[in-house]
Amino acid sequence: MIFIAGILGWLLGVSINAISDSLPYSRRVSPPHCLACGAPRALPAWSSLVLLGLSRGECDYCRTRVRLRNLVVEVTGAIGSMALWIWSANAADFWPALIICAVFLLITVIDIEQRLILHIVTIPAALVFFIIGVLNPELGWRRTLVGGVLGFGIFFLLYVLGGVFARWTSARRGMDNDEVALGFGDVTLSTLIGLVVGFPAVIEALLRGIIYAGVISIVIIVVMLVRRRYTTFQPIPYGPFLILGSLWVYFQGWTTLGRLLGM
C-alpha cells in the first residue's frame with residue numbers, strides 16, 4: 001500500500017508542476033508544455049522524471065532541459081505521500097493530510113517563483129478545508145470557522161499596517177514603492193491555515209510562520225551584506241514560511257502555545 005501512496009504522490013507532483021506552469025499566466029490549467037518554446041509534451045513526458053529517462057530531460061523541439069523544480073516537486077510528492085501513509089493511523093487521517101499538503105505545495109511553488117498566492121487556488125481550497133475541519137472530530141465546525149476568521153483577521157490587520165508603512169517610507173524617500181510587506185494573498189493563506197488547524201492552534205501556527213520568516217530573512221540579509229549585494233526592501237515570499245509553521249502545528253500539535261496557556 002505504501003507503494004501505491006508513492007505513485008499517488010508522484011502523480012500529484014506531476015499535476016502540481018502542470019498547474020504551476022500555467023495557472024499564474026493564464027488563470028487556467030493547461031497540459032504540460034515546454035516553457036521555453038511552448039511545445040506540448042507527449043503524454044509519457046508529462047512527468048519530468050520520465051522525460052529525464054526518455055530524452056535526458058530535454059525538450060524534443062528546442063532541447064531546453066527540464067527544470068530542477070519539476071524534478072524536486074515530483075520526488076517530494078512521492079516521498080511525502082509515503083511519509084503521510086506511514087504517519088497516518090487510517091485512511092481518514094491520510095486523505096485529508098494528503099489534500100492539505102498538496103494544496104500547500106502548489107501554493108509554495110507558485111509563491112516562490114512568482115511571488116503570487118492566487119485566489120483561484122485559495123478560495124476553492126478554503127471550502128475544501130472547511131469541510132475537512134467539520135468532519136474532523138477534534139475540530140468541528142466552530143473551531144474550524146473561528147480559526148479561519150482569526151487567521152484572516154490577524155493578517156488582514158498586518159496587511160493594512162504594511163500598506164501604511166510602505167506609503168510612509170515611499171513619502172520619506174520621495175519615490176514610488178510598489179513593494180509591500182504582505183500581499184492580500186498572504187491574508188487568504190492565513191485564512192486557509194486557520195481552517196486547517198482551527199482555534200486556538202492558528203495562533204501558534206501563524207507565530208511560527210512569522211518567526212521562521214524573520215530568522216530566514218536575517219540570514220539572507222547577512223549573506224547578501226557579505227556578498228555586497230544587499231538592497232533595502234528586497235522582497236521574499238512569505239507564504240512558504242506560514243505554511244511551514246502551519247504544517248508543524250498540524251502534525252505536532254500546538255504544544256508551545258499549550259504550555260504557555262497551561263493546557
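The values are calculated or read from the model by the stated rules, or taken from the named source; none is laboratory data. What you are looking at is a predicted structure, and each value in this text was computed from that prediction instead of being measured. Cβ: placed from backbone, ideal geometry, glycine included. Neighbour counts: every protein chain shown.
Taking the condition under 14 Å from Ile243 (Cα atoms) and at pLDDT 95 or above, does Thr108 pass?
When the stated conditions are applied, Thr108 passes them.
Quick check on my filter: what residues within region 24-45 are touching a residue at least 24 places away in the same chain (Cβ under 8 Å) and either touching a helix residue (DSSP H, G or I) at 6+ places or on another chain (Cβ under 9 Å) or under 19 Å from Ile112 (Cβ atoms) (or both)?
Pro24, Arg27, Leu35
Of the conditions (1) among the aliphatic types (A, V, I, L, M); (2) closer than 27 Å to Phe184 by Cβ; (3) surrounded by 20 or more Cβ atoms within 10 Å (Cβ to Cβ); (4) at pLDDT 95 or above, Ile117 satisfies every one except a single condition; which number is it?
Failing condition for Ile117: (4).
Pick out the one residue from Trp87, Trp95 that is more than 30 Å from Ile236 (Cβ to Cβ) and of a type outside the set (S, T, N, Q).
Trp95
Being under 17 Å from Ser190 (Cβ atoms), among the β-branched types (Val, Ile, Thr) and more than 21 Å from the chain's Cα centre (by Cα) is the filter here; which residues of region 126-168 pass it?
Val146, Val160
Under 6 Å between Cβ atoms, which residue pairs at least 6 apart in sequence (or on different chains) link something in region 138-155 that is without any contact (Cβ under 8 Å) to a residue 60 or more places away in the chain and assigned by TED's automatic domain parsing to the domain that holds Leu182 with a partner that is among the charged types (D, E, K, R) and buried (at least 19 other Cβ atoms within 10 Å of the Cβ)?
Phe155/Asp186
Exactly one condition in (1) in contact (Cβ under 8 Å) with a residue 40 or more places away in the chain; (2) within 25 Å of Asp186 (Cα to Cα); (3) crowded, with 20+ Cβ neighbours inside 10 Å is not met by Asp21; state its number.
Result: Asp21 fails condition (1) only.
Somewhere in region 179-187, is a residue surrounded by 13 or more Cβ atoms within 10 Å (Cβ to Cβ), in a helix (DSSP H, G or I) and modelled with pLDDT of 90 or more?
Looking through region 179-187, at least one residue is surrounded by 13 or more Cβ atoms within 10 Å (Cβ to Cβ), in a helix (DSSP H, G or I) and modelled with pLDDT of 90 or more.
If the requirement is being surrounded by 14 or more Cβ atoms within 10 Å (Cβ to Cβ) and over 19 Å from Leu118 (Cα atoms), which of these qualifies: Ser15, Ser48?
Answer to the check: Ser48.
Please verify whether Trp87 is under 24 Å from Trp248 (Cα atoms) and surrounded by fewer than 15 Cβ atoms within 10 Å (Cβ to Cβ), treating the condition exactly as stated.
So Trp87 passes the test.
Need the failing condition index for Ile79 against (1) at pLDDT 95 or above; (2) in the same structural domain as Phe3 (by TED's automatic domain parsing); (3) closer than 22 Å to Gly209 by Cβ, just the number.
Evaluating Ile79 over (1) at pLDDT 95 or above; (2) in the same structural domain as Phe3 (by TED's automatic domain parsing); (3) closer than 22 Å to Gly209 by Cβ leaves (3) as the failure.
Looking at Leu23, Leu71, Leu49, Leu54, can you tell me which residue is in contact with an Asp or Glu (Cβ under 8 Å, 6 or more places away or on another chain) and either not polar (S, T, N, Q) or not in a helix (DSSP H, G or I) (or both)?
Leu49
Under 9 Å between Cβ atoms, at least 6 apart or on separate chains: pull out the pairs that start in region 213-226 with a residue that is modelled with pLDDT of 85 or more and end on any residue that is among the β-branched types (Val, Ile, Thr).
Ala213/Ile236; Ile216/Ile236
Here is a check on your reading of the model: is Phe130 modelled with pLDDT of 95 or more and either part of a helix (DSSP H, G or I) or farther than 18 Å from Ile203 by Cβ (or both)?
Spelling it out, Phe130 is indeed modelled with pLDDT of 95 or more and either part of a helix (DSSP H, G or I) or farther than 18 Å from Ile203 by Cβ (or both).
Among (1) surrounded by 14 or more Cβ atoms within 10 Å (Cβ to Cβ); (2) modelled with pLDDT under 85, where does Phe94 come up short?
Just one mismatch for Phe94, condition (2).
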